[in-house]
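Below is one structure, written out as C-alpha cells, with a few remarks after it.
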Amino acid sequence: MNKLIALVLVLVCALGLIGCNNRSMDYIVNNEPSITGIVKECNDHSILIENETGEYLVSVDIDARDSSTRFNVGDEVVVYYDGNVAESYPMQINKVYAITWYTPANRTEKNDPNKTADPFAEIPEFSFAEESKEYVNSTSGVKTSGFVNTSETEIKSVSDAVERARGECTVEWNKVDTFFDTSTGIWKIVFYTEGAAGGDQTVYMGKDGVTTLIVFGE
C-alpha cells in the first residue's frame, strides 16, 4: 500500500511539473509576480534593468517558449518571475518565466506625445527580398505551399507572431528568434535548439498572419 501511495505521489508531482512547463503566456501574465524596468545593458545570458527600487540583473534563460529574448537598451520591459530576488548588487532575478515589452525604446516620439512610431521598429530587421532569392531555385529544405496559416489574422506583437508561427513548426526547439522586414511587412520566426548544429526551422509570415515560406536548416 505504501508503495502504491508513493507511486501516486510521484505521478502527481510529475504531472504538476509538466503542467508548469507548458503554461501559456496568458497564464504567466495573469498569475506570476512581475517587475517593470528600463533595460540598461544587454548580454548573452542576462539583461540589466533599472526602476525606482534599484538595478536588477535578469536571466534570459526563460521558461516560456514564446517569450521575447532580444531587447535593446532603453526598452521598458515586464519580467515575470518566481518572486525571488537575490540581495546582491545589482539584485538578481534568476528564475524567469517570461519577459514582455512594456514600451520598446523610441516607440513613442518624445517631442510629440500624440505621434506613435511603427510598433515593430525596434525588432531586429532583415531583408525578405534578399533572403528569398536564395530559395527561388531550391527544393531541398524549402516549403512553398501546403501551409497551415492560410487565413488572415492581424499580428499585433512579437508574441502574436511566435504563437501564429508555432502552428507551422515541426521541429524540436527550445529557443526562438524574431525578425521583421519593415519594407514588406514580413516576419521571420526562427525555431531552434540552443547549442545544436542545424535542425532549425524558419517561418516567413506576413503581417496578416499568412505563411509565405518555410525553410528547414540542415
Item to check | Selection count where residues are surrounded by fewer than 18 Cβ atoms within 10 Å (Cβ to Cβ), of a type outside the set (Val, Ile, Thr) and part of a strand (DSSP E or B), scope the stretch 167-215 | outcome: 3
Checklist entry - Out of all the residues in the stretch 118-166, which are modelled with pLDDT under 85 and not in a loop (DSSP other than H, G, I, E, B)? => result VAL158, SER159, ASP160
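Being among the β-branched types (Val, Ile, Thr) and more than 12 Å from the chain's Cα centre (by Cα) is the filter; apply it to the stretch 150-171 and report the residue that is nearest to ALA196 (Cα to Cα).
Filtering the stretch 150-171 for residues that are among the β-branched types (Val, Ile, Thr) and more than 12 Å from the chain's Cα centre (by Cα), the one nearest to ALA196 (Cα to Cα) comes out as VAL171.
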Next on the checklist: Consider the stretch 76-116. How many of its residues are within 15 Å of the chain's Cα centre (by Cα) and modelled with pLDDT of 80 or more?
Outcome noted: 9
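Here are some residues: VAL136, VAL162. Which one is among the hydrophobic types (A, V, I, L, M, F, W, C) and free of Cβ contacts under 8 Å to residues at least 40 places away in the same chain? So that I can check it myself, show each step before the final result.
On the way: VAL162 fails: free of Cβ contacts under 8 Å to residues at least 40 places away in the same chain.
Being among the hydrophobic types (A, V, I, L, M, F, W, C) and free of Cβ contacts under 8 Å to residues at least 40 places away in the same chain holds for just one of VAL136, VAL162, which is VAL136.
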Next on the checklist: Can you list residue pairs whose Cβ atoms sit under 6 Å apart, with the first residue in the stretch 172-189 being within 23 Å of ILE99 (Cβ to Cβ) and not assigned by TED's automatic domain parsing to the domain that holds TYR97 and the second being among the basic types (Lys, Arg) and at pLDDT 90 or above? Count only pairs 6 or more apart in sequence or on different chains.
Outcome noted: PHE179/LYS188
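The values are calculated or read from the model by the stated rules, or taken from the named source; none is laboratory data. Predicted model, so just to flag it, every value in this text is computed and none were measured. Cβ coordinates were reconstructed from backbone atoms using ideal geometry, including for glycine residues, and neighbour counts include every protein chain displayed.
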